[in-house]
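Report on one structure; see the data block that follows.
The values are calculated or read from the model by the stated rules, or taken from the named source; none is laboratory data. None of the values given here were measured: they were computed from a predicted structure. Cβ placement follows ideal geometry from the backbone for every residue including glycine, while neighbour counts extend to all protein chains displayed.
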């Protein structure tokens, strides 16, 4: 696995899969974001385009490779000592499918109307 030099940003991707009124989220078993719900995703490999990384990570974690990915934006997170990330966020339509088991946690379809109160990283919470 690629590890950037200290002070450099990690590049990552997230894919929000939507099937009707539900989205697929992962409840993580380990850090980072242990016990929180996050979309499927992961790190961008050296010389890999973020869109290609999003398709690859989505397929690795869900078994589904989105034929079309829509770019939503970039989340930038920085800390003086702990992390330095640029995360490219995409969404894709999907049919509902049975999520496969994962070492990282448990995938579950969550109704969009019920997604707001679930435990999520601070970057996924609405601004107040």
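What to note about this one:
- Residue 98 vs. criteria free of Cβ contacts under 8 Å to residues at least 60 places away in the same chain, outside any loop (DSSP other than H, G, I, E, B) and closer than 24 Å to residue 30 by Cα: no
- Residue 110, sole failed condition from (1) in contact (Cβ under 8 Å) with a residue 60 or more places away in the chain; (2) buried (at least 18 other Cβ atoms within 10 Å of the Cβ); (3) under 15 Å from the mean Cα position of the chain (by Cα): (2)
- Any chance residue 45 is outside any strand (DSSP E or B), out of contact with any helix residue (DSSP H, G or I) (no Cβ under 8 Å at 6 or more places or on another chain) and under 17 Å from residue 11 (Cβ atoms): no
- Positions within region 48-77 being in contact with a helix residue (DSSP H, G or I) (Cβ under 8 Å, 6 or more places away or on another chain) and under 17 Å from residue 100 (Cβ atoms), in sequence order: 64, 65, 66
- Residue 89 vs. criteria touching a residue at least 12 places away in the same chain (Cβ under 8 Å), closer than 17 Å to residue 32 by Cβ and in contact with a helix residue (DSSP H, G or I) (Cβ under 8 Å, 6 or more places away or on another chain): no
- Restricting region 75-95 to residues that are in contact with a strand residue (DSSP E or B) (Cβ under 8 Å, 6 or more places away or on another chain) and farther than 14 Å from residue 16 by Cβ, the residue that is modelled with the lowest pLDDT: 83
- Taken together, the criteria place residue 59 among residues that are part of a helix (DSSP H, G or I) and either more than 13 Å from residue 39 (Cβ to Cβ) or in contact with a strand residue (DSSP E or B) (Cβ under 6 Å, 6 or more places away or on another chain) (or both).
- All of (1) modelled with pLDDT of 95 or more; (2) under 26 Å from residue 117 (Cβ atoms) hold for residue 31 with one exception: (1).
- Meets criteria (loosely packed, with under 12 Cβ neighbours inside 10 Å, outside any loop (DSSP other than H, G, I, E, B) and within 16 Å of the chain's Cα centre (by Cα)) for residue 76: yes
- Screening the candidates 39, 50, 66 for the property of being in contact with a strand residue (DSSP E or B) (Cβ under 6 Å, 6 or more places away or on another chain), surrounded by 18 or more Cβ atoms within 10 Å (Cβ to Cβ), within 16 Å of residue 10 (Cα to Cα) and modelled with pLDDT of 95 or more yields one hit, 50.
- Of all the residues in region 79-95, those that are part of a loop (DSSP other than H, G, I, E, B) and loosely packed, with under 15 Cβ neighbours inside 10 Å number 6.
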